Amino acid sequence: THSASSRGRGGGICAVEKAGSGGGGGAGGGSSAGGGGSAAELSSMRTHSASSRAAKAPDIARASEAERGASGGEGAASGGGPESFWLPWHIDPNTISTLTGDSYFDFDTSETIRLAEYPETGLGLVALNALGDVVHLSRHIDEGSLVVMMAAGAQVHTGGLLRGCMHAVQREAAPRGASRIMYYQAWYGPGDHKFAPPPGSGYSTAATTEASAGGGLGRRVRSVVDPIVNAVHGRTQRTVLLSFRRQFQRLSAGNEADGSQARFEALAAALPLAEPPAGQPPAPLTVDVMTDLSCPLAYLGLKRLSAAIASLGLDATAVRLRFHPVFVNPLMDPDGEEMGAYMLRRRNLSLAEYNDAAYPLNVAAAALNFSYAKGRRVIHPRRAHLAVAAAAERDRAPLYAALARAYFEEGEDISDVAVLLRVAAALGFERDELRLRRAMDGAEGELSRASRRLDPLVDAVPHFLVRESASGSGLELHGPLEIAEFADALRTVRDAAGTPPPADGFGLQQPPGMLLPGFGGEPTRVPTADRRGGASIVGLSLRGWEGPGAWPYVAGDFSREDEADDAIKYASPSFASHVDAAASASLTQAYSAYFGSVAAGSPLAILDTAASWTSHYPPLPAGTRVAVHGLNAQELAANGAATEVAVGDLNKDPTLPYTDGEFDVVTNAASIAYLTRPRELFAEVHRVLKPGGLALVSFSNRVFAEKATALWLSKIDEDVALCSVVRAFFAFGPAGGWRNVSSVDLSPHPTEGDPLWMVTAVKA
């Protein structure tokens, strides 16, 4: 994991917490709340949040003081001491595990780094021995050692004679610019073999473990080990491997380990990027400022941010500023309060002390060549924020800046509508008081919704979200940072523009979903895409790969257990749900993103192949053409999205009854497993698509096994393998006919419910 630099150190001046806020919110930002995960979560092979992982170790056994110190607190800094637990206490859900010690490499040169500051560490593995002692294995092995651990499968296969090794993985911090590698091998066995005890062993899943140490430790061990052993018992090696790999790929790392990624995603969802106002060109960077127009620190943050933008030679065409209300004192008297009385009551400061040139806030202002107006009142900023919300979108940023300057530097009462009108009129925005009041009344709903949306996500102001406008990746910043820190953040996000997602080398946080090729190959954000799923990782890794050199399959690969005419099975409508509700909803959201990537102009035209009673489509614009082609006329007639219906058996005749270049998008959902002539069908899909058109093929591991092809069933528990099969279909249907072939994981949950994967391609 590449170690990213931390953000949010703020030059000694803290941000202002909202009234009633639980804390955090200083210039260095808040910390994540702690919490523990249950053994039931482990049994379903989920991961825990970083905070719950960090809380695990001291509760398990009698760790020494040094070991307690090594376990670290949540959010330890990269390049310092060890960070929080990477894996909680558990046993592996396979048969045998082997691991080597850690190695560190320079991120840019790939040269090995010798970490003198960690002379006794290397493998971040801690294990529980039979006496209940927590043992740091790195103190007992050298660089040439190989650690062999029994896992849940070994315990089941030997009827309990061998026990799974209960262990946790301590993350070892790496300096900035370093990558950490640990080699890990999980041994399972033949894919179809079940985890089952030897006959006659008397092994029972009701009591899988006896701890050598009794009492509370034994209970703790059983609470962790038993659910995992029971979770693998009776399952095949292949299905357990799929579940474990899906879980393991989603372990929190980097930004995701300290909770900052989750916070960034929540804020990004609350503040979606949008097209610029009419008449404005798109700006490469978007900065969302969560602020309160009565807060002097928020104004200091804005001044420093503006100075940083200017220092980089940027202007409004390069950086789009958006302001959002977060009220520090929502219960403030609407008429405000005299500054002296307020400061004495809230800060125990006299007005003279607050206005003194040596007061830190005034020192910071002087460094920027301005001063705070000494005679201003403390105001309730709601009317001022309403005036900003009532303005045209292109006018909001300059109006906000003008109102802030009028209040903080000139001492104007911007809660007075007459002052609001005078400032707006000076900018040429509004000169009629009645119209302004009506516009402010009309903005009440928008302001209230924005405030409610952000209030639970922001503990203090000022708060910033700096994003690259095209991809949405960026940084969350806390407090009125120094100019150099703002400039560093802006530069980092700007320089990441155009780099392959997820731009991990820049240490950026990512918005929900992934940026994937849409119509014509245009980058399209798909909100339900899981960038840590195997299908997504492979999709990124194989960009530009044209596929195997020759068709890799033989006729037997497309044989089926039931070779009877498909019309027999599908003669009567079944109205079956081929994926569960959560997977269907994820597919619908993905379709919405992909359909939205089609350029405006003529009405949208979509074809759903191997269709049924539902196409999982979102609500579509009026005039959209939706052709559905499937086996059962009654099911197709019940499809609420369809505007036209065609009945046909694609295994008998893959020819589609449409002319060349009719459709913008062609979909195929949960049906690819049954197609015996995919190469011909994919060529047909290519034919009926417009240039730049999209083909979207989605699937799960749920099938009618008797009708699925032998090829599909042989890879049914491997998402990456199934995606590779569909990629090969595109590579030869027809050869050279597709570009931007990609795969993505759309599963709504990493280990529960139906998984969902999709392979997409753009007509060349």
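Here is how the numbers come out for the structure above:
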item	result
Computed magnitude of the charge dipole of region 539-653 (debye, nearest 20; Cβ of K, R +1, Cβ of D, E -1)	500 debye
Sequence ranges 147-156, 274-283, ranked by mean other-Cβ count within 10 angstrom, highest first	147-156, 274-283
Lys, Arg +1 and Asp, Glu -1 on Cβ, resulting dipole of region 310-399 about Cα centre, debye, nearest 20	180 debye
Probe 1.4 Å, accessible area per residue of region 676-764, Å²	28 Å²
Carbon/sulfur fraction of accessible area - region 507-571, other protein chains in place, 1.4 Å, %	57 percent
Residue-level accessible surface for Val741, protein heavy atoms, 1.4 Å, Å²	30 Å²
Residues whose placed amide H lies under 5 Å from that of Thr291, excluding near-sequence neighbours	His324, Val326
Residue list for region 684-710, given a label point 7 angstrom along the Cα-to-Cβ vector of Ser602 and an amide N cut-off under 18 Å	685-695
Whole-Hz ³J(HN,Hα) from phi, Karplus 6.51 cos²θ - 1.76 cosθ + 1.60, for region 276-284, glycine and proline x	x, x, 3, x, 10, x, x, 8, x
Ordering of 744-751, 105-112, 578-585 by packing [mean C-beta count within 10 Å, highest first]	744-751, 578-585, 105-112
Efficiency of FRET from Cβ geometry, Leu349 and Phe105, R₀ 41 Å, rounded to 0.05	0.20
Cut-off under 5 Å, modelled amide H: who pairs with Leu604 long-range	Arg625
Summed side-chain charge close to Asp660 - residues other than Asp660 whose Cβ falls under 10 Å, Lys, Arg +1, Asp, Glu -1	+1
Dimensionless Rg over Rh [region 671-764; C-alpha; Kirkwood]	0.97
Chymotrypsin sites (Phe, Trp or Tyr not before Pro) restricted to DSSP loop in region 662-725 with at most 16 other C-beta within 10 Å	Phe704
Chymotrypsin sites (Phe, Trp or Tyr not before Pro) restricted to region 512-576 and DSSP loop, no more than 13 other C-beta within 10 Å	Trp545, Phe575
Inter-label distance, nm, simple model (7 Å from Cα along the C-beta direction), Ala721/Tyr359	7.0 nm
Accessible surface of region 392-439 [probe 1.4 Å, protein heavy atoms]: carbon and sulfur percent	44 percent
Under Karplus coefficients 6.51, -1.76 and 1.60, residue-wise ³J(HN,Hα) of region 294-303 in Hz, glycine/proline x	9, 9, x, 5, 5, 5, 4, x, 5, 5
Simple label model, 7 Å out from Cα along Cβ direction - Asp562 to Ala582, nm	2.9 nm
Prolate/oblate/rounded call for region 457-555, Cα gyration tensor, a/c under 1.5 rounded	prolate
Heavy atoms of Asp653 accessible to a 1.4 Å probe, total area in Å² rounded to 10	80 Å²
Gap separating the Cα centres of region 581-660 and region 213-247, nearest whole Å	43 Å
Candidates per chymotrypsin sites (Phe, Trp or Tyr not before Pro) in region 313-367, loop by DSSP, up to 14 other Cβ within 10 Å	none
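The values are calculated or read from the model by the stated rules, or taken from the named source; none is laboratory data. All of these numbers come straight from a predicted model, not from anything done at the bench. Note: ideal-geometry Cβ built from the backbone for every residue, glycine included; neighbour counts use all protein chains shown. Heads up: the accessible areas ignore ligands, DNA and RNA and are worked out on the full protein's heavy atoms, side chains in. Shrake-Rupley method; radii C 1.70, N 1.55, O 1.52, S 1.80 Å.
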